[in-house]
Amino acid sequence: MTTPSQTVGPFYGFALPYAADWELAPEGHPGAVTITGRVLDGAGDPVPDALLEVWTGEAGARGALDRAGTGACGFGRCGTAADGSYRFRLVPPTRPYLALLVFARGLLKPVRTRVYLADVPDPLLGSLDPAGRATLLARPDGQDAYRFDVRLQGEGETVFLEF
């Protein structure tokens, strides 16, 4: 008999995605930004079946966890599209980064990273060489918008964290 720990996934298409899962803040929320990007494998090909979770750490600071009302929330989940793309609309955290978890085929456990919306003094950023540092910095992409691509391995691999 196969147990869950012996199966290979991902099985994200059932029960995990939910309507507006990428919206941590409603449209028009003051100060909200949109982060878009793609998840790419080691060959630079899109990963069409990844799942990303973002944590801003701001759940209580900006209002209740309210997906249907006017409050903003500190957690969101988004599956990637066929081209590996994802998006989140959120209120930027008061700390300098967002926590991002990536679940994808071939990974037995999610990989963890950070998304910095600005290049600011930070112990983690300060410990990295310029190439590694660049993989954690979201690039401005229009008004109230950023782009952050996740490269799972290979050239330009995103810096992942161990806990």
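Pick out the one residue from GLY156, GLY132 that is touching a strand residue (DSSP E or B) at 6+ places or on another chain (Cβ under 9 Å) and not in a strand (DSSP E or B). Spell out the reasoning first.
Details: GLY132 fails: touching a strand residue (DSSP E or B) at 6+ places or on another chain (Cβ under 9 Å).
Testing whether each residue is touching a strand residue (DSSP E or B) at 6+ places or on another chain (Cβ under 9 Å) and not in a strand (DSSP E or B) leaves just GLY156.
Give the residues of region 67-87 that are at pLDDT 95 or above, part of a strand (DSSP E or B) and either open to solvent by 50 Å² or more (accessible area, probe 1.4 Å) or in contact with a Phe, Trp or Tyr (Cβ under 6 Å, 6 or more places away or on another chain) (or both), sorted by residue number.
ARG87
Any residue at all in region 53-63 that is polar (S, T, N, Q), modelled with pLDDT of 90 or more and surrounded by 19 or more Cβ atoms within 10 Å (Cβ to Cβ)? Talk me through it step by step, then tell me what you get.
Let us first name the residues in region 53-63 that are polar (S, T, N, Q), namely 56.
Still in the list and also modelled with pLDDT of 90 or more: none.
Checking region 53-63: not a single residue is polar (S, T, N, Q), modelled with pLDDT of 90 or more and surrounded by 19 or more Cβ atoms within 10 Å (Cβ to Cβ).
I'd like to check something: does region 124-133 contain any residue that is under 19 Å from ARG38 (Cβ atoms) and of a type in the set (S, T, N, Q)?
No, region 124-133 has no match at all.
With the structure loaded, tell me whether ASP83 is out of contact with any Leu (no Cβ under 9 Å at 6 or more places or on another chain) and not β-branched (Val, Ile, Thr) or whether it fails that test.
yes
PHE163: open to solvent by 60 Å² or more (accessible area, probe 1.4 Å), under 23 Å from CYS78 (Cα atoms) and touching a residue at least 24 places away in the same chain (Cβ under 8 Å), yes or no? Even if it seems obvious, please write down each step before you answer.
Working: open to solvent by 60 Å² or more (accessible area, probe 1.4 Å): yes; under 23 Å from CYS78 (Cα atoms): yes; touching a residue at least 24 places away in the same chain (Cβ under 8 Å): yes.
Judged against the criteria, PHE163 is a match.
The values are calculated or read from the model by the stated rules, or taken from the named source; none is laboratory data. In this text, all values refer to a predicted model and were calculated from it rather than measured experimentally. All Cβ positions, glycine included, derive from the backbone under ideal geometry; neighbour counts span all protein chains shown. When the accessible area is computed, the model is the full protein with side chains, heavy atoms only, and any ligands, DNA or RNA have been set aside. Shrake-Rupley method; radii C 1.70, N 1.55, O 1.52, S 1.80 Å.
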